[in-house]
1. Quickly rank 41-53, 204-216, 5-17, 126-138 as a protection proxy: mean count of other C-beta atoms within 10 Å, highest first.
2. Kindly identify region 64-111 as rounded, prolate or oblate by the Cα gyration tensor criterion: order the square roots of the eigenvalues as a ≥ b ≥ c, call it rounded if a/c is under 1.5, otherwise compare a/b with b/c, prolate if a/b is larger, else oblate.
3. What is the extension gain from K167 to F75, computed as 0.36 nm multiplied by their sequence separation minus the C-alpha to C-alpha distance, in nm to one decimal?
4. Using θ = phi - 60° and the Karplus relation 6.51 cos²θ - 1.76 cosθ + 1.60, list the HN-Hα couplings for region 258-271 in order, rounded to whole Hz, with x at every Gly or Pro.
5. Report the Cα centroid-to-centroid distance between region 128-184 and region 222-251 in angstrom, as an integer.
6. Which one is right for this structure if volume of the Cα convex hull per residue in Å³ is calculated from it: (i) 133; (ii) 211; (iii) 232?
7. When the dipole is taken about the Cα centre of region 92-179, and only Lys, Arg (+1) and Asp, Glu (-1) are charged at their Cβ, what size is it in debye, to the nearest 20?
8. Please state, rounded to one decimal and in Å, the Kirkwood hydrodynamic radius that region 237-280 gives when every pair of distinct Cα atoms enters the mean of 1/r.
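Just so you know, all these numbers are worked out from the coordinates, no wet-lab data involved. Here the structure is a predicted model, which means the values were calculated and not measured. Note: ideal-geometry Cβ built from the backbone for every residue, glycine included; neighbour counts use all protein chains shown.
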Amino acid sequence: MTRFFLLLPHIKIHNANAMNSPHTIGFPAMTAWLGAVHSLQRHLHQKGFSDLEFTSVAVSCHKFNLQTYKGEGDFVYSIIGTANPLDKTGSRPAFIEEARCHLDVSLLIEYKNVDSDRYEEFQACIHHHLYRMKFAGGDVLPSKSQRRTEIIAVDQDDDSEVKKLLKKLMVGYVLIERRDLIIESQKAGKDALTALIDHLKVMHRASEDENGNVSWESKRQTTGWIVPIATGFQGISDVGFAKNQRDTQTPHRFAESVVTLGEFIMPYRVNQLDDMLWQYRVVADKNLYLCQPLSTLSILGD
């Protein structure tokens, strides 16, 4: 089966939101990336591509610079905050600290319903809107080395074509979901939070040989670059209308973040495209609004 992709290579983003959930700081949440792509789709609808549909998204991170600082003798890192203007008394006004990061990423977007005779117009519209958008709250920086967007058709059953596509995401790391690790731990009797922490903590062990020499070993429960990721929200109130809400026409509900495990891997280690392609999923009976890889949708279900 032939699938059509749009590649946005090496987008440089300044001051993106690194507070990816109420509990974690790091790579922006997948909700932010899918939200930006959905916004781009809406812009293109207004430009005459009314049937266009962006169905899934993969993110390859080439550079990541978290804005933190650790001074000499400090035990923990501190957030590098932005300076606010002094108030009328000459004092620094109160502000909420925000975790920020600078990024260089490539986005691989699967799409449907664009005629081949409009490809040039399609690419021009994307290029026009790209630098006017926010990605994860960050600004897209213009770059002289910015490469033009590419439209790529891939036969997913042809390994050579798939590898050629994955090569375009190098050198970088794509994010996949590892919710399976938490599920395995829960089957062993652990709750979800304990399972999450167990896979993130680094265990240090010392051993002494027959000569009295001490050596240390540091390892995690699972090999690989395992990280906590925010993949959506769960509703904690009924759907309705809140007093003084901004949009008076759209139903409102309070929600909390859904946090699970993910893993950064090099693109050449991806076994199938669906492992790294994320899309929205709503589980209405559990009040869940999620972002999940296509392979996870079919294998793990709910």
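1. With the highest mean Cβ count within 10 Å placed first, the list reads 5-17, 126-138, 41-53, 204-216.
2. Cα axes put region 64-111 in the oblate bin.
3. Result: 29.2 nm gained on full extension.
4. Computed from phi, the couplings for region 258-271 are 9, 10, 9, 9, x, 9, 8, 9, 5, x, 5, 8, 6, 7 Hz.
5. 25
6. (iii)
7. For region 92-179, the charge dipole is close to 560 debye.
8. Result for region 237-280, one decimal place: 14.5 Å.
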